[in-house]
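The values are calculated or read from the model by the stated rules, or taken from the named source; none is laboratory data. Nothing here was measured: the structure is a model prediction, and the numbers come from that model. Positions of Cβ are backbone-derived with ideal geometry, glycine not excepted, and every protein chain shown enters the neighbour counts. Remember, those area values only see protein heavy atoms, side chains included, never the ligands or the DNA or RNA. Shrake-Rupley method; radii C 1.70, N 1.55, O 1.52, S 1.80 Å.
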Amino acid sequence: MKYDITLDAKGLNCPLPLLRLKQQLQKSSPGDIIKMLATDPASHLDVGVFIDKSKHQMLRHERDDDIQCFYIKVAD
């Protein structure tokens, strides 16, 4: 999948991956796609709940062993 920004949150424990994502979203332009990598097993829960309550869009969530990859489109 094509993306504009890579956010590496591997090795960070909850809630740091979500906090880093929120910081990146504030700095990003509408329509940007952020690829976020995380190893915290609960990241999909934190990010999923946040995205559901925001105007941002989860395009894809993948898991490869212990690494989760999120593709998030910044809201217009």
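Could you work out what % of the accessible surface of the chain is carbon and sulfur, using a 1.4 angstrom probe and leaving DNA, RNA and ligands out of the count?
Carbon and sulfur atoms account for 48 percent of the accessible area of the chain.
I need the calculated FRET efficiency for the pair Leu19 and Arg63, taking r as the beta carbon distance and R₀ as 22 Å, to the nearest 0.05.
Once rounded, the FRET efficiency stands at 0.55.
Can you give me the long-range amide H partners of Leu7? Hydrogens built in the peptide plane at 1.01 Å from N, cutoff under 5 Å, separation of 5 or more residues or another chain.
Those lying under 5 Å, H to H, from Leu7 are Lys35, Met36, Leu37.
Take the Cβ-Cβ distance between Lys55 and Lys10 as r, set R0 to 30 Å, and report the resulting FRET efficiency rounded to the nearest 0.05.
The calculated FRET efficiency here is 0.65.
Given the DSSP H assignment, sum -39500 (n - 2.57) over each helix run of at least 4 residues in the chain and divide by its residue total; what's the result at 222 nm in deg cm²/dmol, nearest 500?
Estimated from H runs of four or more residues: -9500 deg cm²/dmol.
Translational D (Stokes-Einstein, µm²/s) of the stretch 1-47 at 10 °C and 1.306 mPa s when Rh comes from the Kirkwood sum over C-alpha pairs?
Rounded to a whole number, D works out at 146 µm²/s.
Would you mind putting 65-76, 1-12, 36-47 in packing order, based on average other-beta-carbon counts within 10 Å, highest first?
36-47, 65-76, 1-12
Looking at the chain, what % of its DSSP beta bridges pair antiparallel, to the nearest 5?
70 percent
Whole number in Å², please: accessible area per residue of the chain, 1.4 Å probe, ligands, DNA and RNA not counted.
I get 62 Å² per residue for this part.
If eta is 0.692 mPa s and T is 37 °C, what Stokes-Einstein diffusion coefficient results for the stretch 14-76, Kirkwood Rh from Cα pairs, in µm²/s?
Rounded to a whole number, D works out at 283 µm²/s.
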